[in-house]
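Enquirer: I have a structure here, written as structure tokens, and I will follow up with some questions on it.
Throughout, read-outs are computed from the coordinates displayed, never taken from laboratory work. In this text, all values refer to a predicted model and were calculated from it rather than measured experimentally. Ideal geometry is used to build each Cβ from the backbone, glycine not excepted, and the neighbour counts take in all protein chains shown.
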Amino acid sequence: MHVVVATDGSPQSLAAARHLTSFADPAKITGISVVAVLRPLASVAFADEISEAEHHEVGEGAGSFREAAQRAVDAVAAVFDGWGPEVGKQIRSGSPAAEIIEAATEHDAGLIVMAAGGRGLSDVILLGSTAQRVQHYAPCPVLVVRPAPRPRRATRHEA
Amino acid sequence: MAETSTGASTVDDEDTGLRRSITGGQLFFYTLGDVLGSGIYVLIGLVAAAVGGAFWIAFALGVTVAAITGAAYAELVTKYPQAAGASLYIKKAFGSTALTFLVTVSFLSASFAATGSLATGFASYFATLWDGPPALLVSLVFVLALVVVNFIGITESVVMNMLMTFVEVAGLLVIMVIGIWFIAQGDADFGVLADISVSGNPALAVLAGIAFSFFAMTGFENTANVAEETIEPHRNFPRSLVGGMVVAGLVYVLVSMAAALTVPTDQLADSDAALLEVVKQGILPFSTDVMTTLFSVIALIAITNTTLVTIVTQPRILYGMAKEDVVPGVFARIHATRRSPWVGLLFSAAVVAALLIAGSIVVSAGGIDLVNTLALVTVVLLLAIYALVIVACLKLRGQDEDGRTYRANTPLLMVGLIGNLAILGFAVYDDPSSLVWCAGLIAVGVVLFLVEYAAGSRNRPPGARRGDPEAVSRRDA
């Protein structure tokens, strides 16, 4: 089975990749594709929040969203180092949900792994998250990893 | 499987790095839409007032200078296909951090001013549909709505972009058809097209017109944003960028000729929504009311399209500057699910709103015309940047080139440089107070820089200013 692991550069997407390794049997996975999607018409086409920050000179930094996506893909792929399956990396461009589904179709994937969208008002009322759209139209099962609940300070005081 | 279970088993897909999504055609329409909306609907009256019936000459010349500047951009984009735009080119050519910072802040300021001007133009056309709410309220709600739309991510649709561009072109085609119809009826007086009815030096009058018409061409530099995602940028970028600008320019010249023929120049000059005057002449055999409403809607869509791009660009610039540590790191904050730079967006909205309110207070106190001043502020800052970009293009000749690099015509670039400087000189000479507005906008940037400097975030370890402390701790866990 081929697995597509999507990353939007968020820490949640890194957690999703780790979640896969926590329960799946690497012997049954033939290959993994780590996919990042750039949104060229967005204010920030790709924001990498998971690799080590690089210092940029004025005028040169943040210019290449492609490099940011590459760093994020590398960081997620590193999760699978030594785990077993062969890991491929891919950076695509366009609408995230559509591109993730297309990547899954191209690789004839048996599973898509991604982080959940938020549960905020904007997602419910307006357009829905990328994860919701992928779930609706994916050609294969989708593993949507929800972020861990926030630790409450009040609980800590009681303990 | 055992053979591949080593850490070195990571291999790239064969198509890594080649997946780009913007085609040459899409880039052409992106440029066209971005350029077309920006000025013609808002500023044609001002150009007519400055020059007289021959104001199409001002458009033709302004468009030519802008298109040459576009060629310099195209050459630099094919060498450095990144989203940073002018500030990257200046950095590569001159290596000066201070100059690069100044250019970035100027560009950002120009973008704020352009948004303010477009929002005011939107309010003028809106008033022709519904005269109820005050113009200031309309323009504020307009900007706020676009910020929300940008946050959600609707602006990212290429299809949406194309649709809006088609509507824009359709609106200008209506004007051209009216002009042709008018000529066909035999009522046209072509003498108007040679009329420079302004007292004083006709050359200065045309120069004034060019300064305004130049605003109508701005926006093309935003296409550098999508350079990285353009398929075959070496081939597609110069074609689509310069092609889009030339087509836009041609449309402008024809539209201004049609407007000059069909409507008395004074009437154009006095109107806040000048192109609407052409429709109101009732030359086409349709109900004038229906045509007026239809055209107002088209104008609103056209202005919206261009304003959207400026509002997409501002947070992007702020994000880049935050990453470079020249503005506070908070501007690099990304919304967890929407992946939008929400702090930058809010900041843009706040600056534009402040600009609109300040301008409105000045006008009500009997001061200067807001649209006029904002447009000139934009032009002064942008002209300086454009001139620098052309110099950077010439200076970077011979560096980072390969066989596929597009090369703009050198004598043409010289003409463009002189053109930019001449218009810049005139804009300042004509209205020295625009320098005060520019200084005010740049001061915002300098304050940001000082705040960042005082905060001393340069000493922070890498990754510590990622915004969400929880995200950092989760990564470490």
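Enquirer: For chain B, with the dipole built from +1 on Lys and Arg beta-carbon atoms and -1 on Asp and Glu ones, taken about the Cα centre, which of B:Ala392, B:Leu140, B:Tyr429 lies farthest toward the positive end?
Expert: B:Ala392
Enquirer: Next up: Taking R0 as 56 Å, what's the FRET efficiency between B:Asp270 and A:His19 from their Cβ-Cβ distance, rounded to 0.05?
Expert: Working: r = 66 Å, r/R0 = 1.18.
E(calc), rounded to 0.05, equals 0.25.
Enquirer: On to the next question. So which lysines pass the test for A:Lys89, namely a Cα distance under 23 Å, with those fewer than 8 places away in the same chain ruled out?
Expert: Filter leaves A:Lys28.
Enquirer: Of B:Ile418, B:Val206, B:Trp342, which is farthest along the charge dipole of chain B in the positive direction, counting Lys and Arg as +1 and Asp and Glu as -1 at C-beta?
Expert: Comparing the listed Cα positions along the dipole, B:Trp342 ranks first.
Enquirer: Within 10 Å of each Cβ of A:98-110, how many other protein chain Cβ atoms are there on average?
Expert: Values: counts 0, 2, 0, 0, 1, 2, 0, 0, 2, 1, 0, 0, 0.
Neighbouring Cβ atoms belonging to other protein chains average 1 per residue here.
Enquirer: Counting other Cβ atoms within 10 Å of each Cβ, which chymotrypsin sites (Phe, Trp or Tyr not before Pro) in the stretch B:75-178 have at most 13 and sit in a DSSP loop? Please list the in-between numbers first.
Expert: Values: sites: B:Tyr89, B:Phe94, B:Phe101, B:Phe107, B:Phe112, B:Phe122, B:Tyr125, B:Phe126, B:Trp130, B:Phe142, B:Phe151, B:Phe166; in loops: B:Trp130.
Sites meeting the loop and neighbour criteria: B:Trp130.
Enquirer: What average number of partner chain Cβ atoms lie no more than 10 Å from the Cβ of the residues making up B:328-337?
Expert: On the way: counts 0, 1, 0, 0, 5, 2, 9, 5, 10, 14.
For this peptide, the per-residue mean of nearby foreign Cβ atoms is 5.
Enquirer: Same structure again: Cut-off is 10 Å between beta-carbons; in what order do A:Cys140, B:Cys438, B:Cys393 appear when sorted fewest neighbours first?
Expert: Numbers: A:Cys140 17, B:Cys438 21, B:Cys393 25.
Ranked by crowding around the Cβ, least crowded first: A:Cys140, B:Cys438, B:Cys393.
Enquirer: Hey, got the dipole for chain B? About the Cα centre, +1 on K and R Cβ, -1 on D and E Cβ, debye to the nearest 20? Display every interim value, and only then the final one.
Expert: On the way: 23 positive and 34 negative charges, 246 e Å.
Dipole size: approximately 1180 debye.
Enquirer: Once R0 is set to 25 Å, what does the formula 1/(1 + (r/R0)^6) return for the Cβ-Cβ distance between A:Tyr137 and B:Val159, expressed as a FRET efficiency to the nearest 0.05?
Expert: Details: r = 17 Å, r/R0 = 0.68.
Calculated value: 0.90.
Enquirer: Find out how many positive minus negative residues lie around B:Leu204, taking Lys and Arg as positive, Asp and Glu as negative, among other residues whose Cβ is under 14 Å from that of B:Leu204.
Expert: Working: positive: none; negative: B:Asp430, B:Asp431.
Charge balance in the 14 Å sphere: -2.
Enquirer: Per residue of A:34-40, count partner chain C-beta atoms within 10 Å of its C-beta, then hand back the mean as an integer.
Expert: 5
Enquirer: Just want to confirm a number: the relative contact order over chain B, from Cα pairs under 8 angstrom separated by 6+ residues, in percent. Each step should come with its number before you reach the end.
Expert: Values: 715 pairs, mean separation 153.2, N = 477.
Dividing the mean separation by the residue count of chain B yields 32 percent.
Enquirer: Mean Kyte-Doolittle hydropathy of -0.5 or higher plus an axial Cα length of 27 Å or more: which whole DSSP H helices in chain B meet both? Before the final figure, lay out each step's value.
Expert: On the way: long enough: B:24-51 (37 Å, 1.51); B:55-79 (37 Å, 1.40); B:97-129 (48 Å, 1.32); B:158-184 (38 Å, 2.30); B:233-262 (43 Å, 1.02); B:288-323 (53 Å, 1.05); B:342-364 (33 Å, 2.30); B:370-395 (38 Å, 2.47); B:410-430 (30 Å, 1.57); B:433-455 (33 Å, 1.96).
Answer set is B:24-51, B:55-79, B:97-129, B:158-184, B:233-262, B:288-323, B:342-364, B:370-395, B:410-430, B:433-455.
Enquirer: Shifting gears a bit: Rounded to the nearest 0.05, what FRET efficiency do A:Asp81 and B:Leu250 have when you use their Cβ-Cβ distance and R0 = 51 Å? Walk me through the intermediate numbers first.
Expert: Values: r = 57 Å, r/R0 = 1.11.
Calculated transfer efficiency: 0.35.
Enquirer: Going by average Cβ neighbours within 10 Å, how do the peptides B:320-330, B:239-249 rank, with the highest at the top?
Expert: Numbers: B:320-330: 23.8, B:239-249: 22.2.
Result, highest mean Cβ count within 10 Å first: B:320-330, B:239-249.
Enquirer: Using only Cα positions of the stretch B:100-180, each an equal point scatterer, no hydration layer, compute I(q)/I(0) via Debye at q = 0.22, 0.25 Å⁻¹ and quote the log10 values to two decimals.
Expert: At q = 0.22, 0.25 Å⁻¹ the computed log10 ratios are -1.17, -1.16.
Enquirer: Report Rg(Cα)/(2.2 N^0.38 Å) for chain B, keeping two decimals.
Expert: Ratio of Cα Rg to 2.2 N^0.38 Å: 1.01.
Enquirer: What number, rounded to the nearest 500 deg cm²/dmol, is the helix-based mean residue ellipticity at 222 nm of chain B, given -39500 (n - 2.57) per DSSP H run of at least four residues and division by all its residues? Intermediate results must be reported in sequence, preceding the final value.
Expert: Numbers: 16 runs with 336 residues, N = 477.
After summing the helix terms and dividing by the residues of chain B, the value is -24500 deg cm²/dmol.
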